[in-house]
Each structure stands twice: as structure tokens, then as C-alpha cells.
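Have a look at the structure below, then the notes.
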Amino acid sequence: MYRSISSDTCFLEKLGPNGVIVDRADFRLNFQQKLASVVLLLFFASFFFPFYLARENRISEDIQSGLLSLSPLCILFLMLPPLLIALHAFARKGWMKEVTITLSGVLGLFFPMMVLAIVGSDVSDAFGSLARYSPASGMYLYLTAVIIIFLMKPKFRLYDLSGMILVALAVMFVASKGSYDRLGIVLEGRNFGSRVTREVLAHIRLTFISLGISIVIGIPLALASFQGKRAKKIVFPFLNLLQTIPSIALFGLLITPLSLLSRTFPFLREMGIKGIGNAPAIIALSTYALYPIIRYSFTAFSSIEESVIQAAKGMGMNPFQIWRMVRFPLAAPGVLHGIRVALIQTIGNATLAKLIGGDGLGVLVFEGLGQASVDMVLLGMLLIIALTIASDRIFQIFIYLVTPPALRGKAVGNG
Amino acid sequence: MQSHHNHPVLTDTHSFLTVKNIAVNYGEIAALQDVTLSIPANRVTVLIGPSGCGKSTTLRCLNGLVKIDGGSITYEDEGIQDLSETDLRRSMGYAIQSVGLMPHLSVEENVDLVPRLLGWPKASRTERVEKLLKLVRLEPEIYSKKYPHELSGGEAQRIGFARALGADPPMLLMDEPFGAVDPLNREQLQDEFIRIQRQLKKTVVFVTHDLDEAIRLADYLVIMKDGKIVQADAPERILASPRGEFVERFLGPDRALQRLTLFTADRLMEKVLSGVEEKPALAPDESSNRTYWQVDAEGKPIAGYAWVGDKAIRRLIVNGTHTVQQYSSLKECVSKILNLGLPSAAVVCEEGRLCGEVRFETIQQISQG
């Protein structure tokens, strides 16, 4: 017989004939099992929320459909990932754990996508040729659970990647058959047509021009602050002040002085500098990007060990050589990380450019808000996220290539 | 306080550079006052003193890292006199305590720095790096591609030393170069330094706060206090006649023992009685004061035998812990002798082969001299 030792432990102990513990049952959950229970809870909750929304046309009312309204086969398939993760939590063997978690994650991506494809034909059958549908909260919960499953993995392995690629291929195949044609995001994207590409390019252009300006201004300012105490005393309080102004306010504040300027100097107007449009957006965005760039660069320059500089001097390097051969290469990773932070921040902030008449993906988001079209907002958001992740990845690779091999993989101090 | 402008100089060499009445002020504080010194060429000059005495400042004046506020530094060598500051530094090797290896450059690139600054052709530079790494006993194939963060403290110091020798400068400035290393490694580095210095005969100015190190390495010892030179002379003369109370206290009560650090084992090394047999059938004639070393096929010592009357005592020898090297100090020899309880210490040469012994009797004679 098992008995509990005290009320606050999770053990039950089995005592032998002479009071010796012969067995112990442990009911504590390890971290992995705790995460698994969170995932199961999310899966469970997702079954009670609308899985997708359907509409007869773009402006008609939503009709919510829960998961339980799907065909029994679909429900069965969607139950498979939760089952696998439950199995994972109690699997003892290493390979069992690995197989269940990977399978659960990959199938957790695959089945909802397939369900969306099947639902597509149902929707157009039921509501006619103008009908459209989009994923709803239940599906988002479901996908959140799947993301946590992938995060639970200690290491993202090649077979995880291949699983994901297979899912992507399957989705592309199904899409080529036209199964996603009635999906809201797809319809919005089609409506916009070439405008989507245009806005993406405008977003990138806006980001890069702003970033370029703040690099050109920021790095010399960081150097000046590093060289002289007085410059530092001016630059940093100013930066901190700028950072406290809410971004929307800064966008708005620029309208008056800029329109005044463009009215006074017509040649500025010809260059496209006006109170509204891209000019104030670029000014505001580059102002915000200054902070990470200056902070990180300053830290990078000042964290170089003094003994290294002393040795460089002692070996007969002139000041120019010390900068070129010692300071710049050693500070490069830190400076680049600052630019990376600024890049990501600017891509996000550039969405707001639309508010003062600028271009970029903000156009999709805010027009979608104006037209109460969630699908359009979603399309804009997804594109911004994709743009952010892609540029971050590319920039990371760039940083890796530029960093001297000895400094790779070292943590860079936060500004 | 009266300053001593005419310190004795070494007579067996000429002066490489002369420092006359230099002064350095850091704001209100006088870091150096009226320092006059002549650095002997091809010898090791060691600056020593308590922290804040100005020894590092003096060193940094020599390559212009610290600007002097008065006095003059004259280089006897005409080639150096007209050099610009950066060229002057390139002609003086510089090694410092925290090593200051460039973290983003490989060992090879670090050692190569000064030759590169001087614009040497690539081929001769590669050759030079290999030669220097061999000189500090680091295998070029293993070490040249490594980065500073992959090196141990002792290895990094060796690379720092090799880098200072990079362009074969006539003069080396070393600012507590072995300061950050543990005592065991430090002694080894000192051995290496002595070995290399006997080979290369550079003019070296060496700053340390370790008295043992100073006495061991110095041909010319300069004791400093509060930005002034208190005494400068050959170390044996300073030990024999310290000038004033400060120097006496600084040298400590056991000057006789300190004298032992002046001499290296190779100076007193004698021929040994050795063989591969476990124990000689008969005790040697001079048995009371000699050791019989048993060696293996490669000539490495395995055990030592000594005789007290007819009784033989046997001690097992672990190479490295119970043996000394050619450039080890007599102080170390005494320590090994007392440790093992044998009448002499075994001296090993390359690859750990037994090549001589230092007898306690001989050390006794020296320490009285």
C-alpha cells in the first residue's frame, strides 16, 4: 500500500513489512510535462472557439463555425496532434519522445491547413460564388499550441525542417488546385493585386532610407560621444528625450514645421518634402533609429579593453592604424547589432507612415481598419512579420560574415 | 631627500640610452622626479619598487607612451635618435602584464603585427613568425591559427613575448610581463626568458614588483620609491651593500637566501654518478656526499641513492617536480635538495635527460662568498 508522507509532497511511498520504503511513486511533473499540459489545455480550448468564419460576401455578417461542425474525419485528424503530445509527455524512451513531438508538430501544421482547404469548397457550395472565409480564434489557439510544441524541442533538427518543408509543399500543391481561393487573405491580396508588391517595396524603401540616414548621423555621433565627454553630455540626454516622445506624436509634430518649410522654399516641395507624405515619415523613423545605433556603437567602442589599445600604441601604431586595425574590427559586431535592432524597429514603425500620408504596408493595415476588413489587416500584418523575420535573418548572416572569426558567437552587451 | 645622480654603471658594456633628470606630473601629483638613469646595452635592466613608485611610468617614458615634463632621454644609437615616435615604438618590443593580444587576430597575426606595420615582405614575415613561435617553444603548427581566447595564461604570455620580439628590435620594454601568471608558470617563463636572452642579448628594460624575479633576471637592478631612484647597481652589489634603510627593508631579512636566486644551476653543475643498474654494488668512495642517480634507457632519472654510513637511502624521482633545469635558480635547487633529502639536485636538459647535478656543499660555499 502507498501512503503519502506529508500533505505537501508529491510522493507516495510504499512501505515494506518492517517500515522500509520499497517503492516510491512520484507525481511531480517535470518541466517538459508542464509545457505539454499547457499545450493540451490550448488544444482543448481551441475546440470550443469558432474555427473559421464564413461570409456570403465581403461586407455581410460573419457566420462562425466551430470545430465540432466539421466532418468526423476532420475532427479525428485534428485530435491526433494533442494525442501525440500527451503520449510525448509520458514516453520514457528518448526516441519515442523525439518521434511523438516532431510528428505532433508537423501534423499540427498540416491538418489545420488541409481543413482550411476542405472548408473552402464547403463554403462556396453553401454561400455561393462570392463567399469568403477566414481562420478564427479556435484555429489561432490551435496554431499557438503547435508553435509551443516546436519551442518545446531542445533542438530544431533537420527532420523538423524537412517536415515543415513537406507541409509547405502540400499546401502549395493544394493551393495550386484553387482550394484556398475563397480564403479572405487571398481575396484581399488579389484585390490589391500589384499594389501589394508596390507597398512591400515602398516599405522596404522607407526602412532603408531612414536606416541609412540614422547610420550616417548616428555612428559619427557615437564616435564623438566616445571621444569627448562634452559631446556625450549633449548627445545622450537628447537621445533619451527623443525616445520618450510617442511615435505617433512625433509623426504628427513634424507636419507643421515641414509644411511651413516647403511653403517657404518651393525647391523643397519639388524634392517631395512636404508636411505630409514620406518626408516626415523618414525624418521620424530615422530619429527613432538613432537611439539603438548610437547606444550600441558607443558601448561597442567603449568596451574595448584599454590594455589592447595600450599594446597597439606601444607597438607603434599611429592613431589612424589603431582605429582601422583595432577599434573598428573589435567594435564591428556591437555596431552591427545596434543597426540590426534599429532595422527591426524601423520595419515595425514604418507601418505608421500611412498615418501622415506615407506609403508602405501601413496602407493595407489602416485601409483594412477603415473598411472593417480583418482579412486586409491580417494580410498587412503577415507581410510585415514576414519582412521583419526575413530581414533579420539576412542581417544576422551578414553580421556573421563581417565579424572576425574569433569574435563570432560571443554575447554582445546590450546598450 | 638627496638624489643620487651618479649611480654605478655596468662596466662590461656601453650605455644604450641615457635618461637625464626626467620629471612627469599627473596634474598636481609628481609621478617622477629627477630620474637619471643609464640603460646598459645588451643587458637586462630591472626596475623594481612598491606600487606607485614610478617604475611603469619610467618604462613608458622610454617609448613615448608617457610624455616627459622635464629632462631628456638620449639614445646613444644614432639610428634611433632621429626616428618619429611611432617608428621609435616599432623599434622597441613592448610586452605588458595583461598581454594585450588583439582578440580578433590569430596568434600568427598577433606576432606578425610589428613586421606588418614596418612593411616587411610577406615571405620573410611568415618565416619570422614560425621562428619566433619555436623560440618561445610553442609548436607553430598547433598554435599559429589559434585565437587568444583559446590560450592559457602562460601561453598568452609567451605569445606576448614573441610579439615583442616580432621585428627583432634592439630593445625590449617589458611591463610586468609575467605578473598575471601563477607562480609555477612564472618560474618556467623566467627560465625561458633567461634562455632566450642569453641567445639574443637584447637590451631589456623589465618592470616587476616581485623581488625574486628581479634578482633572478637583472643584470642591472634599479630600486625606486616615490618617483625617485633609490639605488641602481648590479644586483649582487646591491645585495652586498644596500644603500639606506629602505633598500634594506625592501630586500628583506634573508639576503643570503636572495643571493641564491642570482645564480643559475648551470653555473654550478657537476658531473654525475649514474647508471641503469638499480643500485651500485659498492658505495662510491665519496659516498657520504654524493648521489648515485639511476636512469632509464633514455637517460631520464628514475631514482636517487645516498649513503649515510653504510645505510643506503633511495628516493624515487618524478621528472619536473624533483628535478631542476639548467636555468633554474640555486634557490630552487636548495628547495629540491631539502625536499628529497639527497645531498644534491638532479639537473635535466632537453627531453628530461639527466645532464648534471648541483651539490649542496657547492651551494654552501657560494652563499658565503
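The values are calculated or read from the model by the stated rules, or taken from the named source; none is laboratory data. The structure displayed is predicted, hence computed values, not measured ones. As a convention, Cβ positions derive from the backbone with ideal geometry for all residues, glycine included, and neighbour counts pool all protein chains shown.
What the table shows:
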| item | result |
| --- | --- |
| Any chance B:ARG163 is assigned to a helix (DSSP H, G or I), of a type in the set (D, E, K, R), touching a Pro at 6+ places or on another chain (Cβ under 8 Å) and in contact (Cβ under 8 Å) with a residue 12 or more places away in the chain | no |
| Qualifying residues in region B:66-102 (those that are at pLDDT below 85 and within 7 Å of chain A (Cβ to nearest Cβ)) - the one surrounded by the fewest Cβ atoms within 10 Å (Cβ to Cβ) | B:ASP87 |
| Leading residue by the ranking (nearest to the other protein chains (Cβ to nearest Cβ)) among those in region B:136-159 that are surrounded by 15 or more Cβ atoms within 10 Å (Cβ to Cβ) and in a loop (DSSP other than H, G, I, E, B) | B:TYR147 |
| Residue list for region A:40-57, restricted to those being polar (S, T, N, Q) and crowded, with 16+ Cβ neighbours inside 10 Å | A:SER46 |
| Condition broken by A:LYS410, with the remaining ones in (1) surrounded by fewer than 14 Cβ atoms within 10 Å (Cβ to Cβ); (2) at pLDDT below 85; (3) closer than 18 Å to A:GLU199 by Cα; (4) of a type outside the set (Gly, Ala, Ser) satisfied | (3) |
| Failed condition for B:ARG186, given (1) surrounded by fewer than 22 Cβ atoms within 10 Å (Cβ to Cβ); (2) in contact (Cβ under 8 Å) with a residue 12 or more places away in the chain; (3) within 14 Å of chain A (Cβ to nearest Cβ) | (3) |
| Matching option when the condition is away from every other protein chain (no Cβ under 14 Å) and not aromatic (Phe, Trp, Tyr), among A:ALA300, A:ALA289 | A:ALA289 |
| Selection count, region A:193-211, where residues are more than 9 Å from A:GLY360 (Cβ to Cβ) and touching a helix residue (DSSP H, G or I) at 6+ places or on another chain (Cβ under 7 Å) | 4 |
| Qualifying residue in region B:109-119 (condition: out of contact with any helix residue (DSSP H, G or I) (no Cβ under 9 Å at 6 or more places or on another chain) and either in the same structural domain as B:ARG198 (by TED's automatic domain parsing) or buried (at least 17 other Cβ atoms within 10 Å of the Cβ) (or both)) | yes |
| Test: residue in region A:136-146 that is assigned to a helix (DSSP H, G or I) and more than 20 Å from the chain's Cα centre (by Cα) | yes |
| Matching option when the condition is within 23 Å of B:ARG163 (Cβ to Cβ) and either assigned by TED's automatic domain parsing to the domain that holds A:ALA289 or more than 22 Å from the chain's Cα centre (by Cα) (or both), among A:PHE320, A:PHE366, A:PHE398 | A:PHE320 |
| Cβ pairs under 6 Å, 6+ apart, first in region A:258-282 and without any contact (Cβ under 8 Å) to a residue 12 or more places away in the chain, second surrounded by fewer than 19 Cβ atoms within 10 Å (Cβ to Cβ) and part of a helix (DSSP H, G or I) | A:LEU268/A:LEU261 |
| Options A:GLY334, A:GLY362, A:GLY338: the member that is within 30 Å of B:ASN110 (Cα to Cα) and touching a Lys or Arg at 6+ places or on another chain (Cβ under 8 Å) | A:GLY338 |
| Single residue of region B:48-65 satisfying the filter (in a helix (DSSP H, G or I) and more than 14 Å from chain A (Cβ to nearest Cβ)) that is surrounded by the most Cβ atoms within 10 Å (Cβ to Cβ) | B:LYS55 |
| Selected residue (criterion: nearest to B:MET171 (Cα to Cα)) from residues of region B:52-92 that are over 20 Å from the mean Cα position of the chain (by Cα) and polar (S, T, N, Q) | B:SER91 |
| Tally of residues being buried (at least 20 other Cβ atoms within 10 Å of the Cβ) and within 7 Å of chain B (Cβ to nearest Cβ) across region A:310-328 | 7 |
| From the options A:VAL119, A:VAL196, residue that is modelled with pLDDT under 90, in the same structural domain as A:VAL365 (by TED's automatic domain parsing) and surrounded by 14 or more Cβ atoms within 10 Å (Cβ to Cβ) | A:VAL196 |
| Count - residues of region B:338-359 that are over 23 Å from the mean Cα position of the chain (by Cα), free of Cβ contacts under 8 Å to residues at least 40 places away in the same chain and not in a loop (DSSP other than H, G, I, E, B) | 3 |
| Unique residue being among the β-branched types (Val, Ile, Thr) and more than 20 Å from B:ALA256 (Cβ to Cβ) when the list is B:VAL324, B:VAL358, B:VAL347, B:VAL334 | B:VAL347 |
| Those residues of region B:110-135 which are within 14 Å of chain A (Cβ to nearest Cβ), part of a helix (DSSP H, G or I) and more than 26 Å from the chain's Cα centre (by Cα), in sequence order | B:ARG116, B:LEU117 |
| Those residues of region B:23-50 which are touching a residue at least 12 places away in the same chain (Cβ under 8 Å) and over 22 Å from B:ALA234 (Cα atoms), in sequence order | B:ALA23, B:VAL24, B:ASN25, B:ALA30, B:ALA31, B:LEU32, B:GLN33 |
| Single unsatisfied condition, A:VAL123 versus (1) within 22 Å of A:ALA170 (Cα to Cα); (2) under 27 Å from the mean Cα position of the chain (by Cα) | (2) |
| Only one of A:SER37, A:SER60, A:SER69, A:SER65 that is modelled with pLDDT of 80 or more, more than 30 Å from A:LYS97 (Cα to Cα) and either surrounded by 11 or more Cβ atoms within 10 Å (Cβ to Cβ) or within 33 Å of the chain's Cα centre (by Cα) (or both) | A:SER65 |
| Meets criteria (out of contact with any Ser or Thr (no Cβ under 6 Å at 6 or more places or on another chain), within 19 Å of A:TYR400 (Cα to Cα), aliphatic (A, V, I, L, M) and at pLDDT 85 or above) for A:VAL363 | no |
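Residue-wise test of (1) modelled with pLDDT under 85; (2) in contact with a Cys (Cβ under 9 Å, 6 or more places away or on another chain); (3) under 19 Å from A:LEU41 (Cα atoms); (4) among the small types (Gly, Ala, Ser).
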site: A:VAL99; (1), (2), (3), (4): no, no, no, no
site: A:TYR133; (1), (2), (3), (4): no, no, no, no
site: A:TYR140; (1), (2), (3), (4): no, no, yes, no
site: A:LYS155; (1), (2), (3), (4): yes, no, no, no
site: A:LEU161; (1), (2), (3), (4): no, no, no, no
site: A:ILE185; (1), (2), (3), (4): yes, no, no, no
